[in-house]
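Trainee: One structure, as structure tokens, below. Some questions next.
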Amino acid sequence: MKHLTTDEIRQMWLDFFKERGHKVEPSSSLVPINDPTLLWINAGVAPLKKYFDGRTIPKNPRIVNAQKCIRTNDIENVGNTARHQTFFEMLGNFSVGDYFRDEIIPWAFELLTSKNYFAFDKDKLYITVYPADEETYQAWLEVGIDKTHLIKSPQNFWEIGEGPCGPDTEIFFDRGKNYGPFDLNLIKDDIENERFIEIWNIVFSQFNAKKGMERSSYKELPNKNIDTGMGLERMACVMQEVKTNFETDTFMTIIKGIEQFTSINYTGQKQFKIIADHIRTVTFAVSDGAVLSNEGRGYVLRRLLRRAIKHGKYLNIDKPFLHEIVDDVIKAMGTYYTALKDSQDLVKKVVKIEEEKFLETLDKGEKMVEDLIKHSDTSIINGKDAFTLYDTYGFPIELTKEIAEESNFTVDEAGFKEEMQKQKDRARNARKDTTSMNKQNEAYLKFKEEDTFIGYDTLKKETHILKSFTAGVVLEETPFYAESGGQVADAGVLVKDDKEYIVLDVQKLPNGQFLHLLETNSFKTGDKVIAKVDKKTRELTMYNHSATHLLFGALREVLGDHVSQQGSNVNSKALRFDFNNYDSLDEETLLSVEQLVNERILESIPVVIKEMPIEKAKALGAVAEFGEKYNDDVRVVNMKYTIDLCGGTHVSNTGNIEQFAIASIESKGSGIYRITGHANESVKNLKEQFIGINKEFKKLEEKVEKILSEAKQQSIDLSFSFKRNETFQGSYQDIIDKRDEFERFTQEVRELNKQFEQLKKEKTMEDLDQYLAQVEGNTLILKLEDIDKNALKPLADKLMDHLKNGVVVIANISGGKVTFIVKSTTDHHAGNLAKEAAKITGGGGGGRPDMAQAGGKNIDKVDEALAHIKSLLS
């Protein structure tokens, strides 16, 4: 076995499969693209799902990659085991309907055992196969694996929900007796151990799983696929002959940086492992555009950083230090992942800010623990309080225990774990299926004839039906734009024999053809039709799409180069643009962005669109569309201030856009923000928002009228005036001003209501002498009608102030119900008296011995209830 560095292992893997016709696919961002089922990219196949479920057919069906991954379902295990990591690299090779078992097994054997490659001793390899998969079993025998090294296991079948599935075969490396006794049951029964390390898993995706069907009855897929995964850190651990993943070369570079900072030598302490793993994860994630926050993936990163800071304290580090370790992460991994160097300063800044913030939190947390101890009636901090400190304030349970022990307190760890499990259960119940694939459509997959898009130059074309499917048709030539790159499909019609058929949508088939979806499809292959795109809808969409590019450029100019596109949607009515940032945008910043876009529009910049090699485009500084994969030649849209790779439709000059306005901004969580805006005629849609706020005004104005009407009926002098601005000029400033105006109006209505309530109370108190005239001995029982409910308790208090010692009972009838208020300074229990009255009137309630409130539904029984109370008091 060769002794290779991590970089050498990765490169040998990529080169091996590249030599066998595979396209080297660059690692996708850790932040999932257009996949709401995933918090992070967590497997090598995750970014390739669209190829495996048949939505898209890759240009080359053979793919190899080294994919960055994050898994955070068991953070607490990091540092406590040999191989748990939150960030890892997954080496993968994939075949989408191309080669299968007969090719991959000989290749796997060659890569692992050949002296030209990894040069493993085959006698140290043990391999599991699915019991019913005799073909794989025989294939391993044929390449030279002894049958004593083949283990049949029913666990070797990959299946998650309906869709593609199949048997898999796992390859284990025997590290020898120093890591435990020889026992193949460890492999067969999937028992965690240090001797037999799984290094490679090969999945034969060949069946279509169906709910309620036995596996033996699954039908074969029209396209059989290969999906493999090799953990790079595990492989490095084996090939570098070290005890755990954390002693491999990349981790040791980071750990040496921690050693220098702490002046403590690493001898396997878990604190070093945790810090190295967590800062590596955060560095890669922030570099890929993730943002620290209190939700979603942002919360995961915040938790990782805080855990690393906590373990830094155990190494006697009481100041920000992780931002300096970022340099060591980039030193360890920046040779291959060159983008890390570009974002180095930004990552360090983000990490340092978070460190400083959390060190303050730690101080507050310590004070909160001390406060819990001070006010506790026992010598135990309950589990719920400990979990609140941990979950809400980010205060580690270990530190809570440490502070508690100093005061001879303990922490209810069982209660803490119970709360932790509740949280995990909530998360698990909320989590969507993260790895299921869609079903393949065999008809779409098999359709290979090519169509031609001519919609950049024309909106009308006489053409023929190239292929008719149940849902719609593919045309030989089409002016219709199919939904992609965030731009929706064109609207329009197909015309045959002077009859128009509305095109509902246009979507790309797996092989790239444009499928025109129809409500009902009566067309036949070969039919002659006229394809007509709706010109107005196309133009409005173009205005919004070109404005989106200007918006992206303006955001980068105002906020910084860290801003990256996180999704978009462009149609004829509006544009929607998602982007990352470390803070929310205030109104002043949004207005600056809007103004900048409008300045670019007024400049009337010619929009230059050219096709060129992708490397040339990147050299020009072109920015890629979010989530898009590109061919060697790309379409570049150059608006001078922003240069983008884009296949969408655009104006020929920015002046065509005429006007741009931001409608709203909202947080989508995890540091992702969404701007909605309008360009050209669609700016009028902004007025709808303006009108919408005016509708809210109307609701409040109705409330004002009601208050003034009630005041007049009760002879209360009350007045109110507020003049609204009805002017709309077509800018985000109009919306800001209207919202501010609405906020002022809302506040004034609140003040009016508060004034009205106070005046009602004062009016109620004006009749105090009349009420006191009804006192009998030390008891006052009143039956009132339509007194403001908020005035009842203050009235009872006022009456008792005059009575000094006794009982006050008020029954107030209003709205067909009765409310009882009882106040007592005697031995008569107010709560019991209120309960008795409520019982007679078909209600309930009660309270303290000195003050109580109850209610009833039967107002005809009020006199009976008061008579009963009077008898109890006599």
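Trainee: I'd like to check which strands (runs of 3 or more DSSP E) are fully inside segment 85-154 and have at least 3 residues that are surrounded by 20 or more Cβ atoms within 10 Å (Cβ to Cβ).
Mentor: Numbers: elements: 87-96, 125-129, 150-152.
Filter on segment 85-154 gives 87-96, 125-129.
Trainee: Kindly establish whether residue 756 is under 20 Å from residue 713 (Cβ atoms), open to solvent by less than 70 Å² (accessible area, probe 1.4 Å), among the aromatic types (Phe, Trp, Tyr) and part of a helix (DSSP H, G or I). Before the answer, list the steps.
Mentor: On the way: under 20 Å from residue 713 (Cβ atoms): yes; open to solvent by less than 70 Å² (accessible area, probe 1.4 Å): yes; among the aromatic types (Phe, Trp, Tyr): yes; part of a helix (DSSP H, G or I): yes.
Here the answer is yes, as residue 756 does meet what is asked.
Trainee: If you check 443, 482, which single one turns out to be modelled with pLDDT of 95 or more and small (Gly, Ala, Ser)?
Mentor: 482
Trainee: Within segment 684-707, does at least one residue satisfy the condition of being over 46 Å from the mean Cα position of the chain (by Cα), open to solvent by 20 Å² or more (accessible area, probe 1.4 Å) and under 28 Å from residue 789 (Cβ atoms)?
Mentor: At the first step, the residues of segment 684-707 found to be over 46 Å from the mean Cα position of the chain (by Cα) are none.
The answer is no, given that none of the residues of segment 684-707 is over 46 Å from the mean Cα position of the chain (by Cα), open to solvent by 20 Å² or more (accessible area, probe 1.4 Å) and under 28 Å from residue 789 (Cβ atoms).
Trainee: What is the number of the single condition among (1) in a strand (DSSP E or B); (2) under 29 Å from residue 124 (Cα atoms) that residue 192 does not meet?
Mentor: Here residue 192 clears every test but (1).
Trainee: Still on this structure, please answer the following. Answer yes if at least one residue in segment 22-29 is at pLDDT below 95, open to solvent by less than 30 Å² (accessible area, probe 1.4 Å) and on the phi > 0 side of the Ramachandran plot, and no otherwise.
Mentor: No, segment 22-29 contains no residue that is at pLDDT below 95, open to solvent by less than 30 Å² (accessible area, probe 1.4 Å) and on the phi > 0 side of the Ramachandran plot.
Trainee: Here is a follow-up. Out of curiosity, is residue 160 closer than 25 Å to residue 236 by Cβ and of a type outside the set (Gly, Ala, Ser)? Show your work before the answer.
Mentor: On the way: closer than 25 Å to residue 236 by Cβ: no; of a type outside the set (Gly, Ala, Ser): yes.
No; evaluated as a whole, the condition is false for this residue.
Trainee: Limited to segment 501-531, what total is found for residues that are of a type outside the set (Phe, Trp, Tyr), at pLDDT 95 or above and more than 39 Å from the chain's Cα centre (by Cα)?
Mentor: 8
Trainee: Any residue at all in segment 2-21 that's modelled with pLDDT under 95, among the basic types (Lys, Arg) and surrounded by 15 or more Cβ atoms within 10 Å (Cβ to Cβ)?
Mentor: No, that holds for no residue.
Trainee: Let me ask something additional. Under 7 Å by Cβ, and 6 or more places apart or on different chains, what pairs join a residue from segment 733-745 that is open to solvent by 10 Å² or more (accessible area, probe 1.4 Å) with one that is in a helix (DSSP H, G or I)?
Mentor: From residues that are open to solvent by 10 Å² or more (accessible area, probe 1.4 Å), the pairs are 733/591; 734/690; 739/693; 742/693; 742/696; 742/697.
Trainee: If the Cβ limit is 7 Å and pairs must be 6+ apart or interchain, which residue in segment 357-384 that is over 28 Å from residue 305 (Cβ atoms) pairs with which residue that is among the charged types (D, E, K, R) and assigned to a loop (DSSP other than H, G, I, E, B)?
Mentor: 380/412
Trainee: Looking only at segment 177-214, how many residues end up being open to solvent by 80 Å² or more (accessible area, probe 1.4 Å) and touching a strand residue (DSSP E or B) at 6+ places or on another chain (Cβ under 7 Å)?
Mentor: The qualifying residues number 1.
Trainee: Taking segment 228-242, which residues are farther than 21 Å from residue 93 by Cβ and open to solvent by less than 10 Å² (accessible area, probe 1.4 Å)? Don't jump to the end; show me each part of the working.
Mentor: So in segment 228-242, the residues farther than 21 Å from residue 93 by Cβ come out as 240-242.
Matches in segment 228-242: none.
Trainee: Right, next: Determine which member of the set 644, 632 is acidic (Asp, Glu), buried (at least 20 other Cβ atoms within 10 Å of the Cβ), touching a helix residue (DSSP H, G or I) at 6+ places or on another chain (Cβ under 9 Å) and modelled with pLDDT under 95.
Mentor: Values: 632 fails: buried (at least 20 other Cβ atoms within 10 Å of the Cβ).
Within the list 644, 632, the selection yields 644.
Trainee: Kindly check whether there is at least one residue in segment 561-570 that is in a loop (DSSP other than H, G, I, E, B), open to solvent by 20 Å² or more (accessible area, probe 1.4 Å) and touching a residue at least 12 places away in the same chain (Cβ under 8 Å). If you could, list the steps in order and put the result at the bottom.
Mentor: Of segment 561-570, the ones in a loop (DSSP other than H, G, I, E, B) are 561-564.
From what is left, the residues that are open to solvent by 20 Å² or more (accessible area, probe 1.4 Å) are 561-562, 564.
The next check asks that each one be touching a residue at least 12 places away in the same chain (Cβ under 8 Å); those that pass are 562, 564.
Yes.
Trainee: Also, I was wondering about something else. Hey, residue 503 hits all of (1) without any contact (Cβ under 8 Å) to a residue 60 or more places away in the chain; (2) of a type in the set (Val, Ile, Thr); (3) in contact with a strand residue (DSSP E or B) (Cβ under 6 Å, 6 or more places away or on another chain); (4) outside any strand (DSSP E or B) but one; which does it fall short on?
Mentor: So the condition that residue 503 fails would be (4).
Trainee: Now a separate question. Hey, can you tell me all the residues within segment 243-272 that are open to solvent by 20 Å² or more (accessible area, probe 1.4 Å), part of a helix (DSSP H, G or I) and closer than 28 Å to residue 175 by Cβ?
Mentor: Passing the criteria: 247, 249, 252, 253, 256, 259, 270, 271.
Trainee: Taking the condition of being in a loop (DSSP other than H, G, I, E, B), surrounded by fewer than 18 Cβ atoms within 10 Å (Cβ to Cβ), of a type in the set (S, T, N, Q) and at negative phi, how many residues in segment 302-351 meet it?
Mentor: Final tally of qualifying residues: 2.
Trainee: Just to be sure I understand the filter: pairs with C-beta atoms under 8 Å, separated by 6 or more residues or on different chains, first member in segment 571-583 and under 16 Å from residue 31 (Cβ atoms), second member open to solvent by 60 Å² or more (accessible area, probe 1.4 Å) and outside any loop (DSSP other than H, G, I, E, B). Which pairs pass?
Mentor: If the second residue must be open to solvent by 60 Å² or more (accessible area, probe 1.4 Å) and outside any loop (DSSP other than H, G, I, E, B), the pairs left are 578/668.
Trainee: Considering each of 533, 593 in turn, give the residue that is in contact (Cβ under 8 Å) with a residue 12 or more places away in the chain, in contact with a Pro (Cβ under 8 Å, 6 or more places away or on another chain) and farther than 14 Å from residue 657 by Cα.
Mentor: Numbers: 593 fails: in contact with a Pro (Cβ under 8 Å, 6 or more places away or on another chain).
Exactly one of 533, 593 is in contact (Cβ under 8 Å) with a residue 12 or more places away in the chain, in contact with a Pro (Cβ under 8 Å, 6 or more places away or on another chain) and farther than 14 Å from residue 657 by Cα, namely 533.
Trainee: Still on this model: Considering only residues that are under 34 Å from the mean Cα position of the chain (by Cα) and either loosely packed, with under 15 Cβ neighbours inside 10 Å or under 23 Å from residue 319 (Cβ atoms) (or both), which ones fall in segment 361-387?
Mentor: Hits for segment 361-387 are 361, 362, 363, 364, 365, 366, 367, 368, 369, 384.
Trainee: Give all pairs with beta carbons closer than 8 Å in which a residue from segment 689-717 that is assigned to a helix (DSSP H, G or I) meets a residue that is surrounded by 10 or more Cβ atoms within 10 Å (Cβ to Cβ) and among the acidic types (Asp, Glu); count only pairs at least 6 apart in sequence or on separate chains.
Mentor: 690/734
Trainee: Further question: Go through (1) part of a loop (DSSP other than H, G, I, E, B); (2) in contact with a helix residue (DSSP H, G or I) (Cβ under 6 Å, 6 or more places away or on another chain); (3) over 16 Å from residue 577 (Cβ atoms) and name the single condition residue 650 misses.
Mentor: Result: residue 650 passes all but (3).
Trainee: Moving on. Would you check which residues across segment 564-578 are touching a Gly at 6+ places or on another chain (Cβ under 9 Å) and at pLDDT 90 or above and list them? Break it down stepwise before answering.
Mentor: So in segment 564-578, the residues touching a Gly at 6+ places or on another chain (Cβ under 9 Å) come out as 564-570, 574-578.
Selection gives 568, 569, 570, 574, 575, 576, 577, 578.
Trainee: Another one. For a quick check of your reading of the model, give me the residue pairs whose first member lies in segment 49-67 and is under 12 Å from residue 164 (Cβ atoms) and open to solvent by 10 Å² or more (accessible area, probe 1.4 Å), whose second is outside any loop (DSSP other than H, G, I, E, B) and at pLDDT 95 or above, with beta-carbon atoms closer than 6 Å and at least 6 apart or on different chains.
Mentor: Hits for this filter: zero, empty list.
Trainee: Now a separate question. Condition test on residue 608, is it open to solvent by 30 Å² or more (accessible area, probe 1.4 Å) and out of contact with any Ser or Thr (no Cβ under 7 Å at 6 or more places or on another chain)? Step through it out loud before you land on a result.
Mentor: On the way: open to solvent by 30 Å² or more (accessible area, probe 1.4 Å): yes; out of contact with any Ser or Thr (no Cβ under 7 Å at 6 or more places or on another chain): yes.
Criteria met by residue 608.
Trainee: If you don't mind, there's one more thing I want to ask. Starting from residues that are of a type in the set (Gly, Ala, Ser) and modelled with pLDDT of 70 or more, keep the ones in segment 706-737 and report whichever is nearest to residue 679 (Cα to Cα). Can you show your working first?
Mentor: Of all residues in segment 706-737, those of a type in the set (Gly, Ala, Ser) come to 709, 711, 715, 719, 721, 730-731.
Checking the rest, the ones that are also modelled with pLDDT of 70 or more come to 709, 711, 715, 719, 721, 731.
Working: 709: 45, 711: 48, 715: 54, 719: 43, 721: 37, 731: 11 Å.
Ranking the qualifying residues of segment 706-737, first place goes to 731.
Trainee: For segment 788-874, which strands (runs of 3 or more DSSP E) that fit wholly inside it have 3 or more residues that are crowded, with 22+ Cβ neighbours inside 10 Å?
Mentor: Values: elements: 807-814, 817-824, 844-847, 851-856.
Output list reads 807-814, 817-824, 851-856.
The values are calculated or read from the model by the stated rules, or taken from the named source; none is laboratory data. Remember, it's a predicted structure, so these values are computed and weren't measured experimentally. Because the Cβ atoms are built from the backbone with ideal geometry, glycine has one as well, and the counts that use them run over all protein chains shown. Accessible surface areas use protein heavy atoms only, side chains included; no ligands, DNA or RNA. Shrake-Rupley method; radii C 1.70, N 1.55, O 1.52, S 1.80 Å.
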